[in-house]
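Q: The structure's right below; bear with me while I get my questions together.
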Amino acid sequence: HRRVVSAALRRPPRHGRGPLLLYVLDVMELPDPVLPQLPALLGPDVPAAGVLVVGNKVDLLPADCRGHLGRLRQRVAAACARAGLRGAALVDIRLVSAKTGYGMEGLVSRLQRSWKCAGDVYLLGATNSGKSTLFNTLLRSDYCKSRAPDIIDRATVSPWPGTTLNLLKFPIINPTCDRIFRRQERLKEEATKTEDELSSEEKKYLNQLKKQGYLVGRVGRTFQQRKRSSEIDFDPDMLSYSMDEDPGHPPKKHEEREEFTHNEVKDARWCFDTPGIVKEDCVLNLLTEKEVKLVLPSHAIVPRTFILKPGMVLFLAALGRIDYLEGEKPAWFSVLASNLLPVHVTTLSNADAVYEKHSAQEFLKVPMGGEERMKEFPPLVPQDITLKGIGTTEAVADIKLSSAGWVAVTADAEEELLLRAYTPKGTALVVREPPLLPYISTIRGARIPGTPAYRTKKPPSFVENLRTAGSR
């Protein structure tokens, strides 16, 4: 993967300028394992116009307090600085959800402003960072030539000229002054609408997105032909066209689909998708495709908080374990992981027996496959952690169990805790200080009687480009 990406970036620059690198980072994976490798991937002979870092998947994280996105952006900026990305090399940092559309219109506007100072655009990122989802969302936005989605499958199946690479790509639309003006007018008009003013189809789609994420946006298209009929059942991308292009028509069955003309693409800048870079020391590398689907969150994460006394153990599936060994008082452990992964609390004396009996079984769920599966799965290995609490409402650190999720630890001020955390051998266990969502333990319901668990509480969703009903 690194070889293919590195070769792609070493293509001779076009338009007299180096490429703009769009690096897609999963904000839940901070500290990002691939970001520090960017300088080595580029090397001294790649005259890049800069790196625009996109923090993706913000829709999955609940807001633990006001301004949580600003804090997330600071965390991403700090990671960029540690990786040597600063000054002119770092074009911008954007927080988005490629899946729900949050922040995507702002990203498109920012990319269009870079048109004159950059050549082609390359999407880079680790596997499972949402890079392909971002590519597909940009493909159907004002960033792409509006006729392209109809024929892009034909434009991308052939090998890249002069190489054996087979990179997906689409042509970027030239953001002329007139196009920018028309786009801004559309965005202003859409921002004045309330949810009640949307069509039934738009409401239905918006409600689906709200169920999947906390932060939602609406990504539209400015340059497209509108159907005169009042019917809603149509594909708007099939009817789209740019100002300097003729309207496209749905292809007839068994008819050759249209290709770009020479004039359309002779001076075009292209947006290329590159292979995802595999993360080393990642638990996902040990899992089957079915197990990965359970581990990677696909819907908004609902925090699960437990109050543990010394001598208690918390399991996150069979992929991670945290023992509370020593401390004077109970502490709060908030789990941020896929809602499909089970969390179980037991005592230190029973923990080994629980793992032995229930790993690869339905009780702990992942891995799955019984005794045969566990024969090939690496054992859990421990790492001792010492923390000092800073207050009952603010976590002191996150214990990140590779890519399976993390546990935010909250304890009384000055309270010293001795913990022992486990992850599968060969995977990375990270103590993240400061924590990503320090006030996450406050997002909980009442204590469930007779258990160490609190009832879960799901914060409401927010749609960024809709006017609230009743507001002016």
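Throughout, read-outs are computed from the coordinates displayed, never taken from laboratory work. Predicted model only: the values in this text are computed from it and were never measured. In this analysis, Cβ positions are derived from the backbone assuming ideal geometry, glycine residues included, and neighbour counts consider all displayed protein chains.
Q: At a 10 angstrom cut-off on C-beta neighbours, averaged per residue, how do the peptides 459-467, 200-208 rank from highest to lowest? If you can, show how the numbers build up before the last one.
A: Values: 459-467: 16.1, 200-208: 12.4.
Going by the mean number of other Cβ atoms within 10 Å, highest first, we get 459-467, 200-208.
Q: Using the crude model of +1 on Lys and Arg Cβ and -1 on Asp and Glu Cβ, and no other charge, please compute the dipole size for region 285-458 relative to its Cα centre, in debye to 20.
A: 660
Q: Provide the packing ranking of 309-322, 332-345, i.e. peptides ordered by the mean count of other C-beta atoms within 10 Å per residue, highest first. Could the numbers behind the result be given before it?
A: Values: 309-322: 22.9, 332-345: 20.7.
Top of the packing list down: 309-322, 332-345.
Q: Checking the table LYS57/LYS210; LYS169/LYS290; LYS309/LYS357 against a 19 Å threshold on Cα-Cα, which pairs fail? Mind showing how you got there, number by number?
A: Values: LYS57/LYS210 14 Å; LYS169/LYS290 29 Å; LYS309/LYS357 24 Å.
Beyond 19 Å between Cα atoms: LYS169/LYS290; LYS309/LYS357.
Q: Assuming a ≥ b ≥ c are the square roots of the Cα gyration tensor eigenvalues, decide whether region 285-458 counts as rounded (a/c under 1.5), prolate (otherwise, with a/b larger than b/c) or oblate.
A: prolate
Q: Between ALA191 and ASN285, what is the label-point separation in nm under the 7 Å Cα-to-beta-carbon projection?
A: My value for the distance between the label points is 4.5 nm.
Q: Before anything else, pin down the relative contact order of region 285-458: Cα pairs under 8 Å, at least 6 apart, normalised by residue count, whole percent.
A: On the way: 421 pairs, mean separation 45.3, N = 174.
About 26 percent, as a whole number.
Q: Next question, about the same structure. Rounded to two decimals, what ratio of Rg to Rh does region 403-449 give with C-alpha atoms and a Kirkwood Rh? Numbers along the way, then the final one.
A: Details: Rg = 13.4 Å, Rh = 13.4 Å.
Result: Rg/Rh = 1.00.
Q: Calculate the FRET efficiency for GLN208 and VAL4 from the Cβ-Cβ distance with a Förster distance of 35 Å, rounded to the nearest 0.05. Walk me through the numbers before you get to the answer.
A: Values: r = 35 Å, r/R0 = 1.00.
Using R0 = 35 Å, I get an efficiency of 0.50.
Q: Report the semi-axes of the equivalent ellipsoid for region 371-443 in whole Å, largest first, where each axis is √(5λ) for an eigenvalue λ of the Cα gyration tensor.
A: Values: eigenvalues 152, 33, 17 Å².
One finds semi-axes of 28, 13, 9 Å for region 371-443.
Q: Kindly rank 68-81, 272-285 from highest to lowest mean number of other beta carbons found within 10 Å of each residue.
A: Numbers: 68-81: 16.3, 272-285: 19.3.
Packing proxy ranking, top to bottom: 272-285, 68-81.
Q: How much space per residue, in cubic angstrom, does the convex hull of the C-alpha atoms of region 9-79 take up?
A: Values: hull volume 7.1 nm³, N = 71.
Considering the Cα atoms of region 9-79, their hull volume per residue is 101 Å³.
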